[in-house]
Amino acid sequence: MLHKSLRDFLIDNEVIPNASKRGKIEYGKIVQDTETPFIWYQRSSHNQDVNINGRMLLATTEFDVEVVHTDPMETQTLADSIRTLLHGYQGAMGDDTVLAMFVTDQSDDYENFNVMTDDGFYIVAFKVQIQT
């Protein structure tokens, strides 16, 4: 599962101290009362190219990623370190082989999914495209 490989990759590269702690990097949900910083992500699209003979070719999966923290500078620093790690990556990622990975900013009309309150959280949102 690509989403699990992405989570494990972020944990193994220690983008957040104690990232293996429950709630620090979560797919699709955030554990209530999770301490910041944390990373939330979910798959937003998947496309499997197929040639005319039915042979499977390049698969492209996109994830929405949100980095959340209570400090604006720390939020941006963490997001930048994740972008640096992921953008342009090629190679093994868990059980998957990544042919190319690209990180882009979310569009202006993107609405964050995991923080629906005005509690002083800062969010940097971006899209990660993984080609396998």
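The values are calculated or read from the model by the stated rules, or taken from the named source; none is laboratory data. What you see is a predicted model, and the numbers here were worked out from it, not measured in a lab. When we count neighbours, we look across all protein chains shown, and the Cβ atoms used for this are built from the backbone with ideal geometry, even at glycine. Quick note on the areas: whole protein, heavy atoms, side chains included, nothing else; ligands and nucleic acids left out. Shrake-Rupley method; radii C 1.70, N 1.55, O 1.52, S 1.80 Å.
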- Message: Given contacts defined as C-alpha pairs under 8 Å and at least six residues apart, what's the relative contact order of the chain, whole-number percent?
- Response: 25
- Note on the structure: Tilt, helix 2-12 to longest principal axis of the chain (alpha-carbon atoms), in degrees rounded to tens, equals 50
- Query: Out of Tyr122, Tyr110, Tyr27, any idea which swings most in a Gaussian network model of the chain, alpha carbons joined below 10 Å?
  - Reply: Tyr110
- Note on the structure: Given a 1.4 Å probe, the accessible area of region 41-81 per residue, as a whole number of Å², is 57
- Message: Net charge within 15 Å of His87 by Cβ-Cβ distance, Lys/Arg positive one each and Asp/Glu negative one each, not counting His87 itself?
- Response: -1
- GNM of the chain, Cα pairs under 10 angstrom: of Met73, Met56, Met93, the biggest fluctuation goes to Met56
- Note on the structure: In nm², the average projected area of the convex hull spanned by the Cα atoms of region 1-130 is 8.6
- Got a number for carbon plus sulfur as a percent of the chain's accessible area, 1.4 Å probe? 47
